[in-house]
Each structure stands twice: as C-alpha cells, then as structure tokens.
1. Quick one: Cα centre-to-centre distance for the range 102-178 and the range 11-27, in angstrom?
2. What aspartates and glutamates sit close enough to Lys163 to cross-link, taking a C-alpha to C-alpha distance under 18 Å and skipping anything fewer than 8 places away on the same chain?
3. For the pair Ile115/Tyr152, report the inter-label distance in nm, with labels modelled 7 Å from Cα in the Cβ direction.
4. Name the shape class, rounded, prolate or oblate, that the alpha-carbon gyration tensor gives for the chain, where a ≥ b ≥ c are the square roots of its eigenvalues, rounded holds for a/c under 1.5, and otherwise prolate holds if a/b is larger than b/c and oblate otherwise.
5. Around Met156, with a cut-off of 12 angstrom between Cβ atoms, what is the net charge of the other residues, counting Lys and Arg +1 and Asp and Glu -1?
6. Over the range 112-169, what portion of Cα pair distances is larger than 17 Å, expressed as a whole percent?
7. So if R0 is 30 Å, what FRET efficiency would Lys57 and Asp18 give, r being the distance between their Cβ atoms, rounded to the nearest 0.05?
8. Cα gyration tensor of the range 70-120, axes a ≥ b ≥ c as square roots of the eigenvalues: rounded (a/c below 1.5), prolate (a/b > b/c) or oblate?
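Since every read-out is calculated from the coordinates, none of them should be taken as a lab result. Keep in mind that what you see is a predicted model, and the values were worked out from it rather than measured. FYI the Cβ positions are ideal-geometry reconstructions off the backbone, even for glycines, and counts take in every protein chain you see.
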Amino acid sequence: MKDKAKDDVQVSVVMGSDSDLPVMEEAIRTLTAFDVPHEILIASAHRSPERTSTFAKNALQRGIKVIIVGAGAAAHLAGSIASQTLLPVIGIPVDGSPVGGLDALLSTVQMPGGIPVATMAIGKAGARNAALMAVRILALGDEELRRKLQTYVDDMAREVEKKQTALEERLNREKQEG
Ligand code: RP5
C-alpha cells in the first residue's frame, strides 16, 4: 500500500517560462534522485501575476514545505512569491539573458529587508543546489532523507579521491614516457 504522507507534494518547482526548463531540469533531476515528491509549474510575476499570486497564497495550506523558483532577466518571481507566503523560498537566477544572468541574480538576491529569498548561484549549479537546500530543509524532520544526503556527500568525496588517483596515474605515466 502507498504511504500517502510520503507521496504528498513537498516541494514546488516554479519557473517564469518554459524557456527556463533546461536550467530547472537540474533541480528536478536532483529532487527525483532523492525521491522528494514535487510539482512543476510555470507562473510569471509579470505575465501572469494573478496565477502567481493564487499559487503563492495557497501553497502553505496545500502542504507544500519548500518553494524553488527559477526566473531570468528582471527576475521578480521568487521575491513576489516570497512576499505572499510564509514558506521558505529558494531562488535560482536563470542565465538566459544577454547579460548572462547577472540581471536575474541581482533581481533575485537583492530583496529588501523583511522578505527573504535564499538565492543560489546563477544557472545549473544554482538549480542543483536549490534542490539540495530543499532536501536539507526537509531532512531536518526526515531521518531517511538525512541518510540519503549523507550518502550523496560521501559519494562526492569518493569521486574527488578517484580523480586524485587518476591524475597521479596520468602524471606518472607521462613521466615514464619522458
Ligand atoms: C522571465 O523572462 C522568465 O523566467 C525567463 O527566464 C525570461 C524570458 O522568458 P521567455 O521570453 O523566454 O518566455 O520571466
């Protein structure tokens, strides 16, 4: 039988446009890898303000725990959502604009005091970290998720060791070959 509590959506992944999807897929992939139930939505702060507002105002009541928001250009989406909910909002500046996402970074990170948006790095690294930040928040009350997070961190450390070994082998080979 399905465990209903575990199947309930815990994270909303919101993006300003379908053009943000290639970046946001990194967050979606990571949430999927951790088996975190999530939903994916398109809502624009500028083009569909009412849709954005309805989502933000209902999210807490729907049982959502964390909202991940990606937007590019004059990226007001994360701040707009954060202003209409008490849930933690994690922002990802999407790097689709001619200025490489710097506009989105400043629009997302420079929130006036009082309405926080936890802003990640520009682009795919930020999207991956947004999902990992959501997992860290959820893991505070979920031992199984905390164990998965520990395995993820341990695997990364092992990867570095492997790279070190591969590098040493290559340098030794090159030395022997003269
Ligand atoms: C933002 O404007 C979106 O988040 C997207 O990054 C950017 C461009 O949107 P499109 O013109 O590609 O739909 O609101």
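1. First find each Cα centre; the distance between them is then 18 Å.
2. Filter leaves Asp154, Asp155, Glu174.
3. Taking the simple label geometry, Ile115 and Tyr152 are separated by 2.8 nm.
4. oblate
5. 0
6. 58
7. The calculated FRET efficiency here is 0.80.
8. Prolate shape, in that a/c is at least 1.5 and a/b is the bigger ratio.
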